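Take a look at the structure below.
Derivation of every value follows stated rules applied to the coordinates shown; laboratory data play no part. All values derive from a computational prediction rather than experimental measurement. All Cβ positions, even for glycine, are placed from backbone atoms using ideal geometry, and neighbour counts span all protein chains on display.
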Amino acid sequence: MAKTAAPSQQQNAPAPGAAFRIPGVGARPRRVEETGPIQPGTSTALAQGTSTPLPFQKFQTLDIDRAFLFQAAMSTTYTAGGGHTITPSPLFPANQFSLIQVQFESAYSTFRLPGWLAQVFQQFRSTFGPKNQVSALFQSGANPDPANALGTAWFPSTSPLGTPNLAANTTGTTQTYNVFFEIPVSFYFDLYYELTATGQPMGMPIPRAIVSPQRMAATTRNVIPKVTAAPGFLLTDNYDAPASIASGDTTSTFAGSVTSTWWRDAWIPTDNMVTEPPGRMWQYTRDFITFQPAGASKPAIPLDDDVPGQGQILAVVFATWDPTLNSGNGGFAPYTDYATVSLLLGSNIQLYQDTPQSNLYCWGAQHGSILPNGIMGWDLALTEDGRITNENAINTLVQNGAQVRIEYASGYTPGAGATIYVGLEVLKKVGS
C-alpha cells in the first residue's frame, strides 16, 4: 500500500520590519516641512518681561516619524537705557526658549527640555549626524573648544544661518539669526536588546535597530508641540531669560519676534508592516530633573524617584546653576567648585567616580569634544568600540537607588536658590 506524502510545512510569515531598508522595497525616508503646528511664515511677537507660549497646533497625521527639526528665525533688539547695562546670559541664545516639549505617551514626555539642555544633547548625540562625529552645536559650525559658552562664536562669518559672533547686541541694533533644535522621537542603536518589564533580554541583540518611530496615522494621535519663549530680559536673572537688567533700570528695552518652522524626518508608510520599521516595547526620550541642594555640600540627586528617570538610562548630564554668581546675575558653578562627582547604583555601588578633570578627559576621549563650561556627565550608551547600545543602561525599573552624588570643593556652598539640572536620555516602557 502506497504511503501518503506528508503535507509540506507552511513557511512562517515574514516578521514585521523584515524588509525594512531593503532598496526599492522598504519604506522610503524623507524630510519635509511639517506645516501642522504652524503655517509657513507665521511670526510671533516676543514679550520683554514675560514668557510667550508659541501658538502651535497638532502635528500632521502623516508618515512614520523619526524626528523633528524646529527652526526658530529670531529677530531681537536690545537697547540699554541711559547709564544702564544689559547683561547677556552665558546661555544666550539657547535659553531664548525656556521649555520645548513633545508628548506622545500619556505617562511621560517623549521630549521635554529647556533650550540650553536641548542644545547640549544635540551636541553629543546629534539626531542628524553620525554618532561619533564632533557635532557640538553642529547646525552652526561652532568650535567645540572648552572655553566656549553655548553662544560663543555660534555663527562663523561665512555662514548663511545668521550673524557672526552671536551675542546679545545691546546698542539698539536689530539682530536676525536662526536657532535649530533637534527633537528626536526615536533613535538608532547599533546593537539593541529588547527587554521585558523585568529587565530580561527577549533574544539576541538586534543590529541597527530604530527605537521607536511614531506612526502618526493612529486614530489617537493628537500631538501638539509646546514651546515657550523666554522673556527678553529679567531682573538679575540670566537663567530664565537670555539677558538681565539691574535693579532700578526702567529704561532699557527689548523687542523681538520669532518665525517658526518645523521639519518632519520620517518614512512614507507602505501599508505593509513587513516593509516598515518594526515596533518595540520601549520608547526613546529626553527629559530632565531639577534638584535644589539647599546649601548642602554633598547633595545626592535620585534618578529613579521621578518620572523622567524611570526606565533604561542611557546618558546623564548635569550642572549647578547658582544665581549668586557673576555679581548676582547667576551662572554655572565652575569646575573648580567640584571635588568629586559620582554615578551610583543602589546608593552605594559607584559606577563612576570622577574629579572634574577625569570626567572631562573621559568624555573627550569618548566623543572627541567636551561639554560646554560647567557641565559634566556620563554616556552609558556609547561603548569603547564606538557602538550605541543599551547593554550598559541603568534600568531603574529593576535596579534601585540610581543617583548622581556631588561633593563640592572646600570653600564652596551653593548659594540660595541654586538648582542642579540633570538631563536624562532614557528608554521608557511603552504603556499607552
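Okay, here's what the table says:
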quantity	calculated
Under Karplus coefficients 6.51, -1.76 and 1.60, residue-wise ³J(HN,Hα) of segment 351-367 in Hz, glycine/proline x	7, 9, 10, 9, 8, x, 5, 5, 5, 5, 4, 5, 5, x, 5, 6, 10
Sorted by Cβ density within 10 Å, fewest first, the residues Glu391, Glu34	Glu391, Glu34
Gap separating the Cα centres of segment 254-297 and segment 409-430, nearest whole Å	21
Within segment 163-308, percent of DSSP bridges classed antiparallel, to nearest 5	75
Sorted by Cβ neighbour density within 10 Å, fewest at the top, the residues Ser212, Ser106	Ser106, Ser212
Bridge type composition, the chain - antiparallel percent by DSSP, nearest 5	95
The chain - mean residue ellipticity at 222 nm from DSSP helices (-39,500 (n - 2.57) per run, n ≥ 4, rounded to 500)	-1500 deg cm²/dmol
Average Cα contact separation per residue, the chain, under 8 Å, 6 or more apart, as relative contact order %	25
Nonlocal amide H pairs with Val185, under 5 Å, H built at 1.01 Å	Ala67, Phe68
Distance cut-off 29 Å, percentage of C-alpha pairs in segment 29-429 lying past it	44
Positive-end residue, the chain charge dipole about Cα centroid, Cβ charges, pick of Thr340, Trp116, Ile268	Ile268
For the chain, with +1 on Lys and Arg beta carbons and -1 on Asp and Glu, the positive-most of Thr171, Val404, Val185 along the dipole	Val185
Interchain or long-range residues, amide H under 5 Å from Leu314's placed H	Glu425, Val426, Leu427
Amide H contacts of Gly415 (H built 1.01 Å from N, under 5 Å, at least 5 apart or other chain)	Thr324
Student exercise, segment 29-429 dipole from Lys, Arg, Asp, Glu Cβ charges, in Debye to nearest 20	580
Karplus-derived HN-Hα couplings along segment 397-410 (A = 6.51, B = -1.76, C = 1.60, θ = phi - 60°), whole Hz, x at Gly and Pro	6, 10, 10, 8, x, 5, 7, 9, 10, 10, 10, 6, 5, 4
Relative exposure of Lys428, Lys58, judged by other C-beta atoms within 10 Å (fewest first)	Lys58, Lys428
Derived scalar couplings ³J(HN,Hα) [segment 197-213; Karplus, 6.51 cos²θ - 1.76 cosθ + 1.60; whole Hz; x for Gly, Pro]	4, 9, x, 8, x, 9, x, 5, x, 9, x, 6, 8, 9, 10, 10, x
Furthest towards positive pole of dipole, Ala393, Gly311, Ser212, structure part segment 29-429, Cβ charges	Ser212
